[in-house]
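Student: Sharing a structure here in C-alpha cells format.
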Amino acid sequence: MKKILSLLLIITTVWVSKAQCNCSAADVVINSNYSSYTFLANTSYCIDGNVQIQWTGATFQDNVTLCISPGSTFRTNDLIGNADSNVTVNVSSGATFIFAGDIPFSMDVTIEDGGVMQPLWGNLDVIGTNFDLTIDEGGLFDFSTTNLNSPQNVTIINNGTFDVSNLTFNQPSNIDITNTGDFNATTTSVFASNSFSLENSGEINLNNLTLRNASTVDIHNTSLIDLTSFRLGSNIGTMNFTNSSEAEFILSSHISLLYGNSIIVNDGTITTGGEINLDEGVLNLTNNGTITTSGNFNWGESGASNYLFNYGALNIGGQMSSEQCQLEFYNYDGASLYMNNHLTYGTEGPNKFENYGNFHADGLYSNDPTLHLKNEGYMVLESNYGDTPTSVFSNCGTLDMENWFDLNGKIINTGNYNVPNGSIGFEVGASIENYSVMHLKQIVMDNSTIFYNEGAVIFSEAPNTTIKFAGPGSTYQPSHSTSSNYGRFSWPGSQSNQSGFVDGNLMFTTTTPGTVDDTSYPGMFGQWTSVTFGPDIVFGTCSTCTVITDYDQCANADGTWPSDEPVYDCIPVNRNVRSYFSGSYLGGS
C-alpha cells in the first residue's frame, strides 16, 4: 500500500507540475535575451525558447513563479535575491536550467522527466532560508560541489537522478531526503542542527557519508545504499536506522558510530569491508537478517549500556570486543554468530551474554568481574577461555572447547560440556557444578577450588592432580539442591601422585573395563594415593545408585536457578528429569 501511495504521489506531482508550466497562463512570457532582468514579486513567468540573461544576471523578488517550458533553455550567469524571498521554478520535460554561483533565496524547484538542472560553471551554494528540490522520474540534477547552507529546511525528493561530486549540508535545521531513483555523490558531509531523515527505495551511491550535529537521524532503507564509509561524528543525538527485508547496506570500508545513541534494526543485509567501530557512541542493534564485517566489531569506550539482539546471521572477520563499555548480547534460537578471533570483555560492567543459537569464536576472554554467560544452544571456542573470580558461566546446551580453559569463576553445567584436547585450569576459588555430562581431558585444581558433580564426568586421561570432588550429601552441595542421587566420575587407567578428597554421593568407574579393577579405590586411584574418601563413595557399578544426566532446566546467567519450576520426587532440585542411569557403565570420548 505504501508503494502504491508513493507511485500515486509521483504521478500526481508530475501531472500538476506539467499543468503548471503553461506559457499561455503566465503573467509574462520571456522569449528574448537580456543583459539583466528583474522578476517582479507576485508574478508568474514562462521561458519560451532559448533565453540567456548575461552580465548582471537575474534578480528575483518575493513570490515569483518561473516555468521553463518543454524543450526550452534558461541560462544566466547569476541569481540575485534575498534569503527570505520565495521562488518556485518548474523545469519542464526536455527543458534545461543553467546558472552559475549561488541560490540566494528560498527555492522550490521541480525537474520533470527529461528536464535538466546544471551549472554554467563553478560550485553551487544554496544560501536561502529553504530549499525544496523535486526530481521526477527521468529528471536530472547534475552539479559538482554543492553546498546546501539553507538555515531552515532542505527537502529533496528524487525519483530521477541526483548526481553531484561533493555534497555538504551545512547546518540546516531539518534535512529530509526521499529517494526512489539514483542518488550519487562522491563525498557527503551532513551538519544538521536539528534533524536528518533519509527514506530510500532506490539506489544511493556515495563515497563517504559523515553526519554531525544532528539531534535526530532517521534512515530507512528498503533498497540499496552503497557507500565507502559511514560515520557518525560529534554532537549526534539519536539515530534510528532500519534496513528492511531485501534491502542492502553495503560499505567497502568502515561503519564508525563514534558518537550518539544508535538504534539499528536490520532485516536485510549489511556488509562492510572494514570494521564496525564505536568510540563514545552507544548502540542498540537488532539483527534479523545478515550482517557481515571483514574486520573487528569494537563496542567502544562509552561506559554506557549497549545491546545486541541477534536473530539472524552475524559474521565477524576479526574479533568482537567491549573493552570499556557495557554489553548485553543475546544470540537467539535459529541465529548464528561467527567470528574468526576472540570475544573479549573489558573491566566495565555489568556484561551479559546468552546464546540460544549457534556461536563460534576463537576464544572468549573477560576482565569483567560481573560477566554473566549462558549457553542454551551450540557454542564452539577454538582457542582459550579466561574469566574473573566472580564470573558465572551457565551451560545447558552444547559447548565444544578445543583448548585451555582458564577458570577463575564458576561453571554450572546442565548440558553437554566438552573440552577434549585441553585442560580446565582452576584458579584460586574457582568451582564447577555439574548436573549433566562433561567430557574432559584433564584438570588442574587448587586447594581452594571445588568440583561438585551430580551428573557424569568422563575424562580421557586420569586426572593426575590435586582433586577436590564433591557430590550430593557433602558439605559442598549447593543450597538449591536437595538431591540424594549420585554423581559419576570416569577415566581410563589409574590416578597417580594425587591428593585431596572425594566426598558425598559419588561413584567412580573406569572407561576401560577389563584392564582396570574399578571395584575398589586402588584400581581408580592407585595403591599409594593420599586422597581421602568420604563414607558414601562407591567404586564400580551400583544397582541402587541413580545418576541423572539430562535435564530440561537451566541455571540463569547470573548463577541463580528459576524459582517457578515444578518439584519432582526423584530429584528434588526443581529440575525436570528426561532420563537417568542406574549404575550402568557410561563411557564416551
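Student: Taking the Cα centre of the chain as origin, work out the dipole magnitude from +1 charges on Lys and Arg Cβ and -1 charges on Asp and Glu Cβ, in debye rounded to 20.
Tutor: Using only the charged Cβ atoms, the result is roughly 420 debye.
Student: If you project the alpha carbons of the range 168-234 onto the principal axes, what extent comes out on each, in Å, largest first?
Tutor: Sorted largest first, the three principal extents are 27, 20, 15 Å.
Student: May I ask you to derive the FRET efficiency for Thr519 and Asn403 from their Cβ-Cβ distance with R0 = 45 Å, giving the value to the nearest 0.05?
Tutor: 0.80
Student: Using the Karplus equation 6.51 cos²θ - 1.76 cosθ + 1.60 (θ = phi - 60°), what ³J(HN,Hα) coupling, rounded to whole Hz, does each residue of the range 73-85 give in order, writing x for Gly and Pro?
Tutor: 10, 10, 10, 8, 8, 6, 10, 10, x, 9, 4, 8, 6
Student: Using a Förster distance of 22 Å, how high is the FRET efficiency between Val428 and Thr532, based on the Cβ-Cβ distance and rounded to 0.05?
Tutor: Using R0 = 22 Å, I get an efficiency of 0.55.
Student: Please list the non-local residues whose amide H lies under 5 Å from the amide H of Val190, H modeled 1.01 Å from N, same-chain partners needing a gap of 5 or more.
Tutor: Amide H neighbours of Val190, under 5 Å, 5+ apart: Phe169, Thr210, Leu211, Arg212.
Student: Of Leu198, Ser294, Ile548, whose Cα points farthest to the positive end of the dipole of the chain (charges on the beta-carbon: +1 Lys, Arg; -1 Asp, Glu; origin at the Cα centre)?
Tutor: Ile548
Student: Looking at the square roots a ≥ b ≥ c of the eigenvalues of the Cα gyration tensor of the range 493-538, which shape do they give, rounded for a/c under 1.5, prolate if a/b is larger than b/c, or oblate?
Tutor: oblate
Student: Rounded to the nearest 20 debye, what is the charge dipole size of the range 71-136 about its Cα centre when +1 sits on each Lys and Arg Cβ and -1 on each Asp and Glu Cβ?
Tutor: Roughly 200 debye for the range 71-136.
Student: I want to check the label-to-label distance for Asp226 and Asn421. Put each point 7 Å from Cα in the C-beta direction and report it in nm to one decimal.
Tutor: Spacing of the two 7 Å Cα→Cβ label points: 4.1 nm.
Student: For the range 264-361, count all C-alpha to C-alpha pairs, find those more than 20 Å apart, and express that count as a whole percent of the total.
Tutor: 28
Student: Take every Cα pair under 8 Å in the range 322-433 that's 6+ residues apart, average their separations, divide by the length, and report that relative contact order as a whole percent.
Tutor: The value is 19 percent.
Student: Where a ≥ b ≥ c are the square roots of the eigenvalues of the C-alpha gyration tensor, would you call the range 408-467 rounded, which needs a/c under 1.5, or, failing that, prolate if a/b is larger than b/c, or oblate?
Tutor: oblate
Student: Then there's this: Can you give the calculated 222 nm mean residue ellipticity of the chain, where each DSSP H run of n ≥ 4 adds -39,500 (n - 2.57) and the sum is split over every residue, rounded to the nearest 500 deg cm²/dmol?
Tutor: Only helices count here, giving -1500 deg cm²/dmol.
Student: Taking the highest mean first, how do the peptides 35-44, 87-96, 541-550 order by number of other beta carbon atoms within 10 angstrom per residue?
Tutor: With the highest mean Cβ count within 10 Å placed first, the list reads 87-96, 541-550, 35-44.
Student: Give me P(r) over the range 193-330, computed from all C-alpha to C-alpha distances, binned every 5 Å, as integer percentages.
Tutor: So the P(r) values, bin by bin, are 3, 11, 20, 27, 24, 12, 3, 0.
Student: Here's another thing I want to ask about it. Would you calculate the separation in nanometres between label points at Thr512 and Thr216, each defined as 7 Å from the Cα along the Cα-to-beta-carbon direction?
Tutor: 7.2
Student: Here's something else I'd like to know. Residue farthest toward the positive end of the dipole of the chain, with Cβ of Lys/Arg at +1 and Asp/Glu at -1: which of Leu167, Thr186, Leu308?
Tutor: With unit charges placed on the Cβ atoms, the residue in question is Leu308.
Student: Tell me, in nm to one decimal, what length is gained between Thr292 and Asn340 on full extension, where the rule is 0.36 nm per residue of separation less the Cα-Cα distance?
Tutor: 16.1 nm
Student: Please find the FRET efficiency linking Trp55 to Ile250, where r is the Cβ-Cβ separation and R0 is fixed at 60 Å, and quote it to the nearest 0.05.
Tutor: 0.80
Student: Which order do the peptides 131-139, 508-516 take when ranked by the mean count of other beta-carbon atoms within 10 Å per residue, highest first?
Tutor: Output ranking for 131-139, 508-516: 131-139, 508-516.
Student: In Å, what Kirkwood hydrodynamic radius results for the chain from the alpha-carbon pair distances?
Tutor: Mean inverse Cα-Cα distance, inverted, gives 28.4 Å.
Student: Taking the alpha-carbon centroid of each part, what is the distance from the range 335-411 to the range 428-506 in angstrom?
Tutor: 22
Student: On to the next question. What spacing in nm lies between the two simple spin-label points modelled at Asn63 and Thr238, each 7 Å away from Cα in the Cβ direction?
Tutor: Reported label-point gap for Asn63 and Thr238 is 4.0 nm.
Student: In a solvent-free Debye calculation with one equal scatterer on each Cα, what is log10 I(q)/I(0) for the range 374-485 at q = 0.13, 0.17, 0.21 Å⁻¹, listed in the order of the q values?
Tutor: -0.43, -0.76, -1.23
Student: Oh, and also: Using the crude model of +1 on Lys and Arg Cβ and -1 on Asp and Glu Cβ, and no other charge, please compute the dipole size for the range 441-565 relative to its Cα centre, in debye to 20.
Tutor: I would put it at about 420 debye.
Student: Still on this structure, please answer the following. Per Stokes-Einstein, at 37 °C and 0.692 mPa s, what whole-number D in µm² s⁻¹ belongs to the range 24-168, with the Kirkwood radius over Cα pairs as the hydrodynamic radius?
Tutor: In µm²/s, the coefficient is 222.
Student: Specify the angular offset, from 0 to 90 degrees and rounded to the nearest 10, of the alpha carbon long axis of helix 2-20 from the longest principal axis of the alpha carbons in the chain.
Tutor: Rounded to the nearest ten degrees, it is 10.
Student: State whether the range 357-437 is rounded, prolate or oblate according to the following rule on the C-alpha gyration tensor (a ≥ b ≥ c being the square roots of its eigenvalues): a/c under 1.5 gives rounded; otherwise a/b larger than b/c gives prolate, and the remaining case gives oblate.
Tutor: rounded
Student: List the relative contact order of the chain as a percent without decimals, with contacts defined as Cα pairs under 8 Å and 6+ residues apart.
Tutor: Here the relative contact order equals 5 percent.
Student: Name the residue farthest towards the positive end of the dipole of the chain from the options Leu120, Gly317, Ser234, assuming +1 on Cβ of Lys and Arg, -1 on Cβ of Asp and Glu, about the Cα centre.
Tutor: Value computed over the given set: Gly317.
Student: Report relative contact order for the range 459-522 in percent, whole number only (criteria: Cα-Cα under 8 Å, sequence separation at least 6).
Tutor: Averaging sequence separation for qualifying contacts and normalising by length gives 38 percent for the range 459-522.
Student: Packing-wise, with mean Cβ within 10 Å as the measure, how do 242-254, 358-370, 406-418 rank, highest first?
Tutor: The most tightly packed comes first, giving 406-418, 358-370, 242-254.
Rule-based calculations on the coordinates, nothing more; no lab input. Being a predicted model, the structure only gives us computed values, none of them experimental. Glycine gets a Cβ as well: all are built from the backbone with ideal geometry, and neighbour counts include every protein chain shown.
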